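*Asks:* I am attaching a structure below and will ask some questions about it afterwards.
The values are calculated or read from the model by the stated rules, or taken from the named source; none is laboratory data. In this text, all values refer to a predicted model and were calculated from it rather than measured experimentally. So basically every Cβ, Gly included, is an ideal-geometry build from the backbone, and we count neighbours across all protein chains shown.
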Amino acid sequence: MIALICTMEPYRIAWLPQFVRHYRGLGVERFLLSLHVEPSAGQSARDREFARFRESLALLGIDDAWLWEHEFNAPALIRHQRTLQSQCLQPGDWVVWCDADEFQVYPSPLADIIARCEARDIDFVRGVFVDRVAADYSLTAFDANTPVWNTFPRTCNVTLALAAGDPRKVVLARASVIVAGGKHAPISPAKLNTLRGWVQVHHFKWDAMLVERLRYRVRPEWRARFPWWVESQRILDYLTAHDFRFDPADLKPLNLQGAQLISFE
């Protein structure tokens, strides 16, 4: 079975039809999706958002749904997702690891990729961010009625160039592989086999809700616990200095010709 594990915030519920349609088209057979709500939200708000989440999934033919009530942070999130991994998957299964703002692109269906991985004793496949921004480089809002690819048509390198963040991700792995927080690498990678190539991870983080999310991640209590807060601060400082839009001179455009980053050589 090919399963997908992802946790999203309530404002991402509107993304679900495009998200599920994209990954179902790649060959994902089971979606292990959970909704993240902050403990500070009132019970009625939590119930309302989870009901909306479940209703949206039901319309997409997905019966499973989980609620994760916890202050957002990467270490706690990966523990929650590892619980789903251990409880819902079998040793022979494969997992697509992604965040709600990540649309992976492969050169062939996942079943074909996995068959080739199994034939070569590959344990996991890596991906690399292709950051997607609006045509005018603004922080535009997601429109559920417009393909996300059209809303954010430009491909560039925000994560590396401006945040000095790690653009690498684990995108596909055997169910036995344990990934680290942030899903940038597996635990004990020296014992695992991977490919030389990379999968395109189209990264739709740069929307109208970005500044609100960044401000949450630079609070004093966050800084005291998570050293990666500096990446959020870099982007927030940059946007503040540039009228909350990107300057194309600061971003290297990525010219892609199909899904050519993966290799079985």
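*Asks:* I'd like to know if the stretch 149-169 contains one or more residues that are farther than 30 Å from A119 by Cβ, at pLDDT 90 or above, basic (K, R) and not in a loop (DSSP other than H, G, I, E, B).
*Replies:* Taking every residue of the stretch 149-169 in turn, at least one turns out to be farther than 30 Å from A119 by Cβ, at pLDDT 90 or above, basic (K, R) and not in a loop (DSSP other than H, G, I, E, B).
*Asks:* In the stretch 35-58, what residues are within 21 Å of P17 (Cβ to Cβ) and without any contact (Cβ under 8 Å) to a residue 24 or more places away in the chain?
*Replies:* R48, F50, A51, R54, E55, A58
*Asks:* Now for a separate question. Restrict the check to the stretch 34-48 and report whether at least one residue is within 30 Å of V158 (Cα to Cα) and modelled with pLDDT of 95 or more. Break it down into steps so the answer makes sense when it comes.
*Replies:* First, the residues of the stretch 34-48 that are within 30 Å of V158 (Cα to Cα): 34-38.
Checking which are modelled with pLDDT of 95 or more leaves us with 34-35.
The answer is yes; a qualifying residue exists.
*Asks:* Something else: Considering the stretch 87-118 alone, what residues qualify as being outside any loop (DSSP other than H, G, I, E, B) and aliphatic (A, V, I, L, M)? Steps first, please.
*Replies:* Keep residues of the stretch 87-118 that are outside any loop (DSSP other than H, G, I, E, B), which gives 87-88, 94-97, 102-105, 110-118.
Scanning the stretch 87-118 gives V95, V96, V105, L110, A111, I113, I114, A115.
*Asks:* Just to be sure, is P147 within 24 Å of W229 (Cβ to Cβ) and out of contact with any Lys or Arg (no Cβ under 9 Å at 6 or more places or on another chain)? Talk me through it step by step, then tell me what you get.
*Replies:* Details: within 24 Å of W229 (Cβ to Cβ): no; out of contact with any Lys or Arg (no Cβ under 9 Å at 6 or more places or on another chain): yes.
For P147, the condition - within 24 Å of W229 (Cβ to Cβ) and out of contact with any Lys or Arg (no Cβ under 9 Å at 6 or more places or on another chain) - is not met.
*Asks:* Please count how many residues of the stretch 28-66 are of a type outside the set (D, E, K, R) and assigned to a helix (DSSP H, G or I). Steps first, answer last, please.
*Replies:* So the first thing to find is which residues in the stretch 28-66 are of a type outside the set (D, E, K, R), and the list is 28, 31-37, 39-45, 50-51, 53, 56-62, 65-66.
Keeping just the survivors that are assigned to a helix (DSSP H, G or I) gives 43-45, 50-51, 53, 56-59.
So the answer is 10.
*Asks:* If only one of F31, F72 is touching a strand residue (DSSP E or B) at 6+ places or on another chain (Cβ under 8 Å) and surrounded by 20 or more Cβ atoms within 10 Å (Cβ to Cβ), which one is it? Break it down stepwise before answering.
*Replies:* Details: F72 fails: surrounded by 20 or more Cβ atoms within 10 Å (Cβ to Cβ).
From the options F31, F72, the qualifying one is F31.
*Asks:* Is there a residue in the stretch 119-142 that is farther than 30 Å from H242 by Cα, more than 20 Å from the chain's Cα centre (by Cα) and assigned to a helix (DSSP H, G or I)?
*Replies:* yes
*Asks:* Might you let me know whether the stretch 220-231 holds any residue that is in contact with a Cys (Cβ under 8 Å, 6 or more places away or on another chain), in contact (Cβ under 8 Å) with a residue 24 or more places away in the chain and buried (at least 16 other Cβ atoms within 10 Å of the Cβ)? Spell out the reasoning first.
*Replies:* Within the stretch 220-231, the first condition is being in contact with a Cys (Cβ under 8 Å, 6 or more places away or on another chain), and the residues that meet it are none.
No, the stretch 220-231 contains no residue that is in contact with a Cys (Cβ under 8 Å, 6 or more places away or on another chain), in contact (Cβ under 8 Å) with a residue 24 or more places away in the chain and buried (at least 16 other Cβ atoms within 10 Å of the Cβ).
*Asks:* Looking only at the stretch 192-210, which residues are surrounded by fewer than 15 Cβ atoms within 10 Å (Cβ to Cβ) and modelled with pLDDT under 90?
*Replies:* Matches in the stretch 192-210: R196 only.
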